[in-house]
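> My questions all concern the structure below.
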Amino acid sequence: MPGPAIMDALVEAAKQRHRPRDVAIFLILRYSGMRRESVATLQVRHLDGQWGLRNVRVKGGKTRDIPLPSAVMAFLHEYVARVLGHEDEKVGPETPLFWSTWGRRAVGRTRAPMTGKNIWRLSKVYGRFIGYPTLKPHDLRHGVAMEVLEQHHDLEEVRALLGHSRIDTTQVYANIRPPQLKRAVAFYEGKALEMLSK
């Protein structure tokens with residue numbers, strides 16, 4: 001399961017390659033824990049100022065509001081203005097945020113809205129760049145869940161962020177790992193040292 005350093009490395013790799021679309025995708029995955037299909041279906045209308053994403057279609061055909069850091073939202077608004085505005089003359093509320101282009105110049109190029117499979121492939125490509133070739137978008141979802149749980153120790157908060165309808169689905173993130181277990185008994189160190197030094 002990728003930690004914050006690996007998730008940050010994806011964003012940095014996309015920045016170094018000067019790929020604003022990829023930076024935008026990895027920022028959303030990095031800070032929201034969204035599923036790849038939901039990211040692929042984002043449109044301009046989903047961007048809501050500083051708050052985040054509104055009325056995003058998620059698993060099960062439902063819609064959710066998904067918070068994002070204001071710096072990420074500023075980047076997304078700039079991406080729409082500079083990249084989408086440049087590539088697509090008419091940018092409206094229904095314009096997809098992310099496009100995929102393929103083909104050869106001699107034959108012609110095709111441009112279409114991205115799919116979840118495109119985002120899966122993108123994760124694989126960047127995973128190889130950063131030395132994590134088995135990386136999948138869902139790994140980032142798990143990474144976000146673990147990071148939020150470790151920072152806030154609130155399983156209900158993780159459930160709400162990921163959009164799980166039942167807390168038992170989220171429970172998988174509550175498994176105690178050895179470093180956490182060690183920290184759990186760290187307060188005993190002084191007492192044990194005192195007791196054994198008498």
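> Say whether the condition of being farther than 17 Å from ILE28 by Cα and among the hydrophobic types (A, V, I, L, M, F, W, C) is met by at least one residue in the stretch 64-79.
Keep residues of the stretch 64-79 that are farther than 17 Å from ILE28 by Cα, which gives none.
Within the stretch 64-79 (the criterion being farther than 17 Å from ILE28 by Cα and among the hydrophobic types (A, V, I, L, M, F, W, C)), the answer is no, since none of the residues qualifies.
> Given the residues VAL11, VAL39, VAL80, which is the only one that is of a type outside the set (Asp, Glu) and open to solvent by less than 10 Å² (accessible area, probe 1.4 Å)?
Details: VAL11 fails: open to solvent by less than 10 Å² (accessible area, probe 1.4 Å); VAL80 fails: open to solvent by less than 10 Å² (accessible area, probe 1.4 Å).
When all the criteria are applied, what remains is VAL39.
> ARG21: over 17 Å from LYS136 (Cβ atoms), of a type in the set (Lys, Arg), open to solvent by 10 Å² or more (accessible area, probe 1.4 Å) and out of contact with any Ser or Thr (no Cβ under 7 Å at 6 or more places or on another chain), yes or no? Steps first, answer last, please.
Working: over 17 Å from LYS136 (Cβ atoms): yes; of a type in the set (Lys, Arg): yes; open to solvent by 10 Å² or more (accessible area, probe 1.4 Å): yes; out of contact with any Ser or Thr (no Cβ under 7 Å at 6 or more places or on another chain): yes.
Here the answer is yes, as ARG21 does meet what is asked.
> Counting only residues that are surrounded by fewer than 16 Cβ atoms within 10 Å (Cβ to Cβ) and of a type in the set (Ser, Thr, Tyr), which one in the stretch 108-136 is nearest to LEU10 (Cα to Cα)?
Ranking the candidates gives THR134 first.
> Now for a separate question. Out of all the residues in the stretch 90-107, which are aliphatic (A, V, I, L, M) and either at pLDDT below 75 or under 16 Å from ILE25 (Cβ atoms) (or both)?
Filtering the stretch 90-107 for residues aliphatic (A, V, I, L, M) gives 91, 97, 106-107.
Selection gives LEU97, ALA106, VAL107.
> With (1) β-branched (Val, Ile, Thr); (2) open to solvent by 50 Å² or more (accessible area, probe 1.4 Å); (3) under 19 Å from the mean Cα position of the chain (by Cα) as the list, and VAL56 as the residue in question, which single condition is left unmet?
It fails just one condition, (2).
The values are calculated or read from the model by the stated rules, or taken from the named source; none is laboratory data. No experiment lies behind these values; they were computed from the predicted model shown. Positions of Cβ are generated from backbone atoms using ideal geometry, with glycine treated the same way; all protein chains shown enter the neighbour counts. Heavy atoms of the whole protein, side chains included, go into the accessibility calculation; ligands, DNA and RNA do not. Shrake-Rupley method; radii C 1.70, N 1.55, O 1.52, S 1.80 Å.
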